[in-house]
1. Any idea how many residues of the range 145-174 are in contact with a helix residue (DSSP H, G or I) (Cβ under 6 Å, 6 or more places away or on another chain) and hydroxyl-bearing (Ser, Thr, Tyr)?
2. Quick test of your reading of the structure: Gly185 fulfils all but one of (1) over 18 Å from Thr32 (Cβ atoms); (2) small (Gly, Ala, Ser); (3) touching a residue at least 60 places away in the same chain (Cβ under 8 Å). Name the failing condition by number.
3. Search the range 123-142 for residues being in contact with a strand residue (DSSP E or B) (Cβ under 7 Å, 6 or more places away or on another chain) and hydrophobic (A, V, I, L, M, F, W, C), and hand back the single one that is modelled with the lowest pLDDT.
4. Inspect the range 59-71 for any residue being in the same structural domain as Pro163 (by TED's automatic domain parsing) and over 22 Å from the mean Cα position of the chain (by Cα) and give the result as yes or no.
5. What about Val83, is it surrounded by 22 or more Cβ atoms within 10 Å (Cβ to Cβ) and β-branched (Val, Ile, Thr)?
6. Just checking, does the range 88-100 include any residue being within 18 Å of the chain's Cα centre (by Cα), modelled with pLDDT of 90 or more and assigned to a strand (DSSP E or B)?
7. Would you pick out the residues in the range 1-59 that are among the small types (Gly, Ala, Ser), in a helix (DSSP H, G or I) and touching a residue at least 40 places away in the same chain (Cβ under 8 Å)?
8. Taking the range 119-144 as the search range and keeping residues that are surrounded by fewer than 17 Cβ atoms within 10 Å (Cβ to Cβ) and hydrophobic (A, V, I, L, M, F, W, C), which one is nearest to Gly155 (Cα to Cα)?
Amino acid sequence: MKAISGFRYKDLGPDGGPFDQFENPKVVIHTTQGSSISGAESAFRNYPPHAIYDPRNRARVQYVSLDRHSYALRNSEAEDDFVIQFEIVGFAESTHKWPDEYYRNFAADVIVPMEQALAVPRRHMRFYGADEGIVLASRHSPVRLSNAAWRAYSGWLGHQHSPNPDEHWDPGRFLMDKAFSFVPGKTPKKEDPIMFLVRERDKPEVWIGDYVQRRWVATQAEVKHLEARFGATSIIDPGTAIVFGEETAESKARRTGTGGPL
């Protein structure tokens, strides 16, 4: 078995077999929505994640070898890519309120071993909280990746980023940059941008990122949130078709007029 350094192994339930491929290693963070490892084990006994970690007391258990996939996402298209699934004891609603000690423990006991074992890069998608004007607990959440973008990504993500038909939003606004700040060594890459741009009937075309995730029609509340976060009032109206994607240097050049259409 390919073990995680410092973790105790427990044979809790079945794994899902070997990964389809071993490119683009990634770690998905879940929260247990409870306060104990024993309670979480009772809940996910039939579909255990790779491991569980409690940042309060630094207890840690591994259930699935790192060279085999787990069933925790319940989506065969997403979970048999090279993704390691970690349950963290706690609640999605409060991860952004955790004391520094919890993130320091997480860095030492989870991030460092995963970098050493699988060379998971020190980068992450933006983690969203419940108070940011987006319906996250939905299969149609705009922060979810497509299956193709999921497979291509390498780094740290949340359950909230897993592809449709997943409906979970954990681990909430997890402060990954804070956790990275406690890891010795190179300066971590900041959160990967989620770029939204639009195309409207009566306005010029606006270029979108290379990795389009999904489109949806913005509500008034979502418009206000996006305007506040990105300052894009000139191109957003209720009913606008919003496109979420991950912008690259090439797509930025195209968007700003120095390159051709995507």
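The values are calculated or read from the model by the stated rules, or taken from the named source; none is laboratory data. Keep in mind it's a predicted model, so treat the numbers as computed, not measured. We place every Cβ from the backbone using ideal geometry, glycine too, and count neighbours over all the protein chains shown.
1. 1
2. For Gly185, the exception is condition (3).
3. Checking each candidate, the answer is Met125.
4. First, pick out the residues of the range 59-71 that are in the same structural domain as Pro163 (by TED's automatic domain parsing): 59-71.
Those left that are additionally over 22 Å from the mean Cα position of the chain (by Cα): 59.
Within the range 59-71, one or more residues are in the same structural domain as Pro163 (by TED's automatic domain parsing) and over 22 Å from the mean Cα position of the chain (by Cα).
5. Working: surrounded by 22 or more Cβ atoms within 10 Å (Cβ to Cβ): yes; β-branched (Val, Ile, Thr): yes.
Here the answer is yes, as Val83 does meet what is asked.
6. Let us first name the residues in the range 88-100 that are within 18 Å of the chain's Cα centre (by Cα), namely 88-96.
Still in the running and modelled with pLDDT of 90 or more: 88-96.
The next check asks that each one be assigned to a strand (DSSP E or B); those that pass are 88.
Within the range 88-100, one or more residues are within 18 Å of the chain's Cα centre (by Cα), modelled with pLDDT of 90 or more and assigned to a strand (DSSP E or B).
7. Restricting attention to the range 1-59, the residues satisfying the condition of being among the small types (Gly, Ala, Ser) are 3, 5-6, 13, 16-17, 34-36, 38-40, 42-43, 51, 59.
Okay, now just the ones that are also in a helix (DSSP H, G or I), so 38-40, 42-43.
Residue satisfying the conditions is Ala40 alone.
8. Going through the qualifying residues, I end up with Ala119.
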